[in-house]
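For reference, the structure discussed in these notes is given below.
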Amino acid sequence: SMLHGDVSKKLMNNLYPGYFPEELTHIGYVTNGVHYSTWTAKEWKELHKKYFGHNFPETQSDFTVWDKIQDVPDEEIFNLKQKLKVKLIEYIKQRFADNWIKRNENPKLITEALSQFNPNALTIGFARRFATYKRAYLIFKNLDRLNAIVNHPEDPVQFIFAGKAHPADKGGQELIKYIVEISKRPEFIGKIMYIQNYDMNLAKMMLQG
């Protein structure tokens, strides 16, 4: 965001004759934030209080407080992240199965997808409004390469897609259909998953996991 502010000063410099871009101090920037109390997993909240002090998150705006994360053993952070990841995967499995059963999908396909979903694989989430400019389609440009990535014998990767397209956005709707079709191919079952009915609960689970 700070870089965006600098670029904006240069773009708008011609509107202010006699000023250098760096003198346009009234053109600033805004950094998006995340509401800590809403989105942070309770497990992380407990760890933060343990290491940052019992008055956290009241002190969350003090950047020096966050330096204490360096005092947390790597193993403790890893185990916590794994715990949340397993929690996410169990949630995704249940939600995926419920959605596909309601759509009368092939039970064999559902079982295979759930059995392939791997708690030890690198899991990448893509959850947002499905507009084409957000470019969710990029990883599908080379399906052979994607196949090699998600089915790597030692370092497998899996993708969770979620989100909705605007009712008037046909391109976004077609993109969702395409991802669902790809996810049903034998090489991508349980490796590429699209979860329907995106809502705040799903967003929270994906963020935390």
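The values are calculated or read from the model by the stated rules, or taken from the named source; none is laboratory data. Not measured: the values here are computed from a predicted model. Don't worry about glycine lacking a Cβ; one is built from the backbone with ideal geometry, like all the others, and counts go over all protein chains shown. Each accessible area value is taken on the protein alone, full model and side chains, heavy atoms only, with ligands, DNA and RNA left out. Shrake-Rupley method; radii C 1.70, N 1.55, O 1.52, S 1.80 Å.
A few notes on this one:
- Residues of the stretch 1-60 classified as part of a loop (DSSP other than H, G, I, E, B) and under 25 Å from Phe78 (Cβ atoms), total: 8
- Checking each residue in the stretch 147-170 for being assigned to a helix (DSSP H, G or I) and in contact (Cβ under 8 Å) with a residue 40 or more places away in the chain picks out Asn147, Val150.
- Members of the stretch 171-190 that are open to solvent by 30 Å² or more (accessible area, probe 1.4 Å) and either in contact (Cβ under 8 Å) with a residue 12 or more places away in the chain or out of contact with any strand residue (DSSP E or B) (no Cβ under 9 Å at 6 or more places or on another chain) (or both): Gly171, Gln173, Glu174, Lys177, Tyr178, Glu181, Lys184, Pro186, Glu187
- Top-ranked residue of the stretch 89-117 - restricted to ones that are in a helix (DSSP H, G or I) and open to solvent by less than 30 Å² (accessible area, probe 1.4 Å), ranked as nearest to Val150 (Cα to Cα): Ala113
- Filtering the stretch 4-39 to residues that are over 23 Å from the mean Cα position of the chain (by Cα) and either open to solvent by 100 Å² or more (accessible area, probe 1.4 Å) or closer than 30 Å to Asn55 by Cα (or both) leaves Lys10, Leu11, Asn14, Leu15, Pro17, Tyr19, Phe20, Glu22, Thr25, His26, Tyr29.
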